[in-house]
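The values are calculated or read from the model by the stated rules, or taken from the named source; none is laboratory data. Small disclaimer: the values here were computed from a predicted structure and weren't measured. Glycine gets a Cβ as well: all are built from the backbone with ideal geometry, and neighbour counts include every protein chain shown. The area values use the complete protein model at the heavy-atom level, side chains included, leaving out ligands, DNA and RNA. Shrake-Rupley method; radii C 1.70, N 1.55, O 1.52, S 1.80 Å.
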Amino acid sequence: MTPVILLAAEKKSAEVTDWAARVGWLVGLALFVALVYWLMREGWKWRGTLQGDLPELHTSPDDLGAAKLSMSGRYHGSTTAGQWLDRIVAHGLGTRSRVELTLTDAGLDVVRPGATDFFIPADALREAVLGKGIAGKVLTEGGLLVVTWAHGERLIDSGFRSDRAAEHTEWVGAINSMINKTETEGAR
């Protein structure tokens, strides 16, 4: 029995923490995260510079007229039409935010608290569809109201999600009938 007791007494516990190594790893990780964040920010600014040819967004007219539909929800971003991953960041169009949409005879008024508001004139509207994704946001089929509109020389898709997704179908019908009405009147 004596040899077992001697072996147990001779064991020395290992050092619990090597603080210098731990602090070094934490500082290195923090620097790496800061570098990745800075690179992402520079990429975002570069994309905005590349899209500098996009004209300024329209502002709401003084007299919008009577509201046909209104909706509150989320604005998920804008992309080049038909290319749901080519996000447009110029003029704040890439900023996700809460949104209050109002459809009138004049067009679509997009009010975004904390971000740039904009207005889409009725003659700039091209199409409204139910989609499932835009610019890195993927939802269930029909979970996103995607409005295609012309701005300058570019066609843009903007994605909205209502707080009540059942409203999307009504919005698609109202916008598309408004577009058809505008096209019919323009053909005369």
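The table below lists the values:
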item	result
Size of charge dipole - the stretch 25-78 - debye, nearest 20, with Cβ of Lys, Arg +1 and Asp, Glu -1, no other charges	320 debye
For the stretch 27-107, fraction of C-alpha pairs farther apart than 18 Å, in %	61 percent
Net charge contributed by nearby residues that have their C-beta within less than 15 Å of ALA34 (K/R +1, D/E -1)	0
PHE118, PHE32, reordered so the largest accessible area comes first (probe 1.4 Å)	PHE32, PHE118
Cα coordinate range in the chain, projected on the principal axes (Å, largest first)	109, 37, 29
Local electrostatic count, PHE118, Cβ distance below 15 Å [Lys/Arg +1, Asp/Glu -1]	-1
Summed residue charge, Cβ within 10 Å of ALA150's Cβ, Lys/Arg positive, Asp/Glu negative	0
Rounded accessible area of TYR37 (nearest 10 Å², 1.4 Å probe)	150 Å²
Mean accessible surface per residue for the stretch 7-147, computed with a 1.4 Å probe while every protein chain stays in place, in Å²	62 Å²
Sequence-distant residues sharing a close amide H with ALA81 (under 5 Å, placed H)	LEU155, ILE156, ASP157
Helix 19-50 axis, angle to the chain major axis (alpha carbon atoms, nearest 10°)	20 degrees
Heavy-atom accessible area ranking, 1.4 Å probe, most first, across ARG47, ARG22	ARG22, ARG47
Extended-chain gain in nm, criterion 0.36 nm per residue less alpha-carbon gap, LYS45 and THR59	2.7 nm
